[in-house]
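The values are calculated or read from the model by the stated rules, or taken from the named source; none is laboratory data. Source: prediction; values computed, not measured. Quick reminder, even Gly has a Cβ in these numbers, built from the backbone with ideal geometry, and neighbours come from all protein chains shown. Side chains included, ligands, DNA and RNA excluded: accessible areas come from the protein's heavy atoms. Shrake-Rupley method; radii C 1.70, N 1.55, O 1.52, S 1.80 Å.
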Amino acid sequence: GINAEYGGAAINGYEKSETHRFEVPRMLFENVQELEAYVIKSKDKKLLGWWAHYLESNGEMDSALQFYQAAEDIMSFERIWCYCGRFDEAISIASNTSDRAACYHLARQLENQERFTEAVQFYGKAQAYTNATRICRANQLDSELISYAMYSTEDDMVICARYYEETGANWDKAIMLYHKSGQVGKALELAFEHQQFTALQHITSNLDDSVEPETLHTCAQFFLEHQQYSKAVDLLLLAKKYLEALDICIDKQWYQRRVRGFGRADKP
């Protein structure tokens, strides 16, 4: 063994020079109990994690788990729980962490176990939204799909919108995703075709004169058919259909209310 006085002085020197994470394990490696006691006493997360990995490599999984927990290495903690098939424990830990890597690892393992609803939940926690939406589509988890699709990439939003469209239901969700992905024309087309009045109101509330005049005019006609005259006038003005807008205002006796809007007419 190492002389206690010499060993203590050496350890103190290594700590002062901040080389203790490598030098002390090298020095004490022949005395496992003393090395473990040093690691525990140090409360150093890197040393605790290193010791956990050493124990894991020797198959001492329960002890390794304790040290990974002390090191706050959630990823390794999850990895061992999954390796041992103790998914309920892994889920319990991952539910209370913001460690995205740990959640992603758990999600992959749950997907392999065909526990799809739980896999989707943890892919979502890992912000791996395309993985979450992929599983939702493959397993008809239609109500969960929209929650993750709305945070995914624009390309994935379009894929999910097409999925909703092809299933022939949830038109409002398809419209919402087309709109958010930037495909405003497609969103409006579906809204008209399936009489999704609420969705149409939401889309048109964000329209401006960058939208094709024909599209704006079509929207205005839809609102006219549903007696939403004020909204129709707003859209006609954006479409530069000033005379049509004026006819509605005269018919509704909105003389003062709409004067400012017509001031935007191009001068001849």
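Enter the accessible area of residue 117 (Å², nearest 10), with the probe set to 1.4 Å and all protein chains included.
80
May I ask you to list the GluC sites (Glu not before Pro) in the range 85-144 that are in a DSSP loop and have at most 10 other Cβ atoms within 10 Å of their Cβ?
Loop-located and lightly packed - 114.
List the lysines whose Cα lies under 23 Å from the Cα of residue 186, skipping any in the same chain that are fewer than 8 positions away.
Cα-Cα hits under 23 Å: 173, 231, 240, 241.
Filter the GluC sites (Glu not before Pro) in the range 157-228 down to the DSSP loop ones having no more than 13 other Cβ atoms within 10 Å, then list what survives.
Nothing satisfies the criteria.
Show the residues, 5+ positions off or on another chain, whose built amide H is closer than 5 Å to the amide H of residue 212.
The list, which skips near neighbours in sequence, is empty: none.
For the range 108-149, run through the chymotrypsin sites (Phe, Trp or Tyr not before Pro) and keep only the ones in DSSP coil with at most 16 other Cβ atoms within 10 Å of their Cβ.
Filter output for the range 108-149: empty list.
So how many Å³ per residue does the convex hull of the Cα atoms of the range 138-265 work out to?
106
Could you name the aspartates and glutamates in cross-link range of residue 180, using Cα to Cα under 13 Å and dropping any fewer than eight places away on the same chain?
154, 155, 156, 172
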